[in-house]
Amino acid sequence: MTRPGTRDGVGASAQRPDAAAKVRGDFVYSSDLWHDRMVWGATVRSPHPHARLLSIDAGEALALPGVHAVLTAADVPGLNRYGLERRDQPVLAEDLVRYAGEPVAVVAADTPELARRAAELVQAVYEKLPALTDPERALDSPGVHEGGNLVKHLRIRRGAVPEADVVVRGEYEVGMQDQAFLGPESCLAVPGEESGVDLFCSTQWLHIDQDQLAGCLGLPKEEVRLTLSGVGGAFGGREDLSVQAHACMLALRLGRPVKMSYGREESFSGHVHRHPARMRYEHGATRDGRLLYVKADILLDGGAYASTSAAVTGNAGCFAIGPYEVPAVEIDCRSVYTNNPPAGAMRGFGAVQVCFGHESQMDKLAAALGLDPVELRLRNTVDTGSVMATGQRVEGPAPVAELLRRVAAKPLPASGELLPGGTSNSTRADGLRRGVGYGLSVKNICKSAGYDDYGTARVRLYAQGGEVYAEVHTAAAEVGQGLVTVQAQIVRTELGVEHVTVLPADTGVGDAGTSSASRQTWMSGGAVRAACVAVRERLEERAAGRILSTAELLGDEDIDETAVFRHRRTEPLDPETGQGDAHVAYAFAAHRAVVDVDPELGSVRVVEIACAQDVGRAMNPAAVEGQMHGGIAQGLGLAVMEEVVVREGRILNPSFTDYLIPTTMDMPPTVLDILEYPRPDSPYGLTGVGEPPLLSAPAAVAAAIRAAVGGAIDRIPATPEAVARAAGRLG
């Protein structure tokens, strides 16, 4: 069998097949879907963060010509509950609403404008109840749900806390960040010709949606068929159901296709956000800067429903000390229910919040010891063989010290032409202060704590007209990260085939798991590789020692193989001590930020961010760089501008006018350093790359601001008021 050389295999910066269409604006997203006889759905939402739902009157809405249905909780055909970790969230509220924006009814009409008008005419009567919006009070208050407000408490205890020469303490907060994807929630539900429903949607995990929808719709899973549509960004915000169940309910009731698409304001209510965090830390060290112990008490506001709060709590607790050797740890991490909007998955998944805490502490400790912040970190970084807070040894590469040295060695940028305050020219150049800050981070890759994490892939090889072609079929969600490109690269590498088609992801093939936890290239890529190996073995059997081309071996008979890939086993953490071999692998990154600050106005200009990251193997170097640029942008946003402002349970800034995200004018030059230390236990030696470039970017920017103004920056995003106060310009 001969295998001709191929272009654009593993290690090449192969072009994304969707790149040109997205640049031209021709790419079809889920919001672009259309169907004959289609009607439009709209959602009726509660204006109250906590209330008893007394009645719903849809008469006025149904009287409008062109309105076809108004459905309430009584019309849910199956279980009126769904959820990723616990099924505590109603499809439509029955007797209680627990957050402002909770769906109470859905409407179908001939046009989107008419559907929205009908939704406004649905009369819901409420009895307002006191809203529990302070997560500190939630621990000792009556339950938002039966059974109390504690979602999860992770205790980690290792070693005896000794006396320390130097002790520093701090309290830190992280605000609620939105994923800010550009494509709002949307889908198209089409009743099946014989039974069931076909759903075309943007999501991060087709099979978990299928499982939840089957329960809500009262259908066997095989009758709920999902196909991934174009996804306009995700970052964790599409792990939970949003429009899916509502559109399917309407389609099944009417026997007609139903499209639902949120506007931006509704999108802020329609998906989860990053957990706001409150953290108390205590670090003890020797006089020469060796960490002796870390104590941490972390509180996460999970909002009205559980979503992924338990898993986020696990991550926040496990990585609360950062990538450092610490002999003794006492960590308590809790997540609670409140009547705030639900929090859930967002890129970094708990590790972002605690990174701001532990890195702020390292800077505070360095100041107390009179040490350079870089030197203090270098004296304490983990390495291969080190023991983490959970007692697990770091088995793979851990070049943490090298990552930090690399960013620290970068030449510092010259003074830039752009000043804080943007195009308004509100800053005087002679009053600027410059600061430099550093951040180190660690996070797990793939699912943890005994979860049966796997990916499935089907590869078909066939010949036509003397040419050889391959098809790849997985349920892995391409959410913008370039997974489709990598799957094709793997097939080209393993089978020596130029012509590779990646079929649309759907539930017609086995589960691929979620496009989160930086896992898809590892898990689905591993499955694609395994399926290719099975195809190659079949070819070799046909060859039986003969030297033939692949096309000759195939003839008129294709080869079709499906494979399942699993990583090594993990185990749950001990419930009393938090000890255990819970994580598949660790990923590390380092950041250095340089900022200019106007202390009078509190305005900040991030001049440059450098990032060094170990990626194991750069499967597609250009895509890796893209992930690093994007992660840095989101980290910058969290550091200085991005926050969903919630007052008394209501979102005050549900628009991109008032919820600020970095623009091209805000993004500084980024200096990237990609290290490749191949892992022995992953496909091609790769390490997940999606989350690490975000993790310590906010901490580094906050540290740089702190260094510039000489005062405390204990909360992010660091507002102009907070910066000016830290600089001593406000009381």
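List of remarks:
- Condition met for ILE321 (in a loop (DSSP other than H, G, I, E, B), crowded, with 24+ Cβ neighbours inside 10 Å, at pLDDT 95 or above and over 16 Å from the mean Cα position of the chain (by Cα)): yes
- Close pairs (9 angstrom Cβ cut-off, 6 or more residues apart or separate chains): under 18 Å from GLY322 (Cα atoms) and in contact (Cβ under 8 Å) with a residue 24 or more places away in the chain in the stretch 427-455, small (Gly, Ala, Ser) and open to solvent by 50 Å² or more (accessible area, probe 1.4 Å) anywhere: GLY437/ALA707
- Elements of type strands (runs of 3 or more DSSP E) contained in the stretch 72-189, each with 1 or more residues being farther than 16 Å from PRO341 by Cα and open to solvent by 40 Å² or more (accessible area, probe 1.4 Å): 123-128, 150-158, 166-174
- When VAL604, VAL595, VAL564 are checked against the criterion of being more than 22 Å from PRO397 (Cβ to Cβ), open to solvent by less than 10 Å² (accessible area, probe 1.4 Å) and either modelled with pLDDT of 95 or more or assigned to a helix (DSSP H, G or I) (or both), VAL595 stands alone in meeting it.
- Screening the candidates VAL374, VAL329 for the property of being assigned to a strand (DSSP E or B) and in contact (Cβ under 8 Å) with a residue 24 or more places away in the chain yields one hit, VAL329.
- Within the option set VAL484, VAL500, being open to solvent by 10 Å² or more (accessible area, probe 1.4 Å) and in contact with a Pro (Cβ under 7 Å, 6 or more places away or on another chain) holds for one residue only, VAL484.
- Candidate set: the stretch 471-484, residues that are more than 20 Å from the chain's Cα centre (by Cα) and not hydrophobic (A, V, I, L, M, F, W, C); chosen: the one nearest to ASP8 (Cα to Cα): GLU471
- The stretch 106-131, residues that are of a type in the set (D, E, K, R) and touching a Lys or Arg at 6+ places or on another chain (Cβ under 9 Å): GLU127, LYS128
- Take the conditions (1) open to solvent by 30 Å² or more (accessible area, probe 1.4 Å); (2) at pLDDT 95 or above; (3) in a loop (DSSP other than H, G, I, E, B); PRO4 misses just one of them, which is (2).
- Test result for GLU193, under 18 Å from MET249 (Cα atoms), more than 28 Å from the chain's Cα centre (by Cα) and part of a loop (DSSP other than H, G, I, E, B): yes
- Selection count, the stretch 654-666, where residues are free of Cβ contacts under 8 Å to residues at least 40 places away in the same chain and surrounded by 14 or more Cβ atoms within 10 Å (Cβ to Cβ): 2
- Exactly one residue out of ARG529, ARG546, ARG538, ARG542 is in contact with a helix residue (DSSP H, G or I) (Cβ under 6 Å, 6 or more places away or on another chain), more than 30 Å from PHE588 (Cβ to Cβ), open to solvent by 40 Å² or more (accessible area, probe 1.4 Å) and not polar (S, T, N, Q): that is ARG542.
- In the stretch 494-516, the condition of being in a helix (DSSP H, G or I) and closer than 22 Å to SER229 by Cβ is met by no residue.
- Total residues in the stretch 213-242, condition in a helix (DSSP H, G or I) and over 14 Å from LEU79 (Cβ atoms): 2
The values are calculated or read from the model by the stated rules, or taken from the named source; none is laboratory data. If you're wondering where the values come from, they're calculated on a predicted model, not measured in any experiment. Neighbour counts run over all protein chains shown; Cβ positions are idealised from the backbone, glycine included. Heads up: the accessible areas ignore ligands, DNA and RNA and are worked out on the full protein's heavy atoms, side chains in. Shrake-Rupley method; radii C 1.70, N 1.55, O 1.52, S 1.80 Å.
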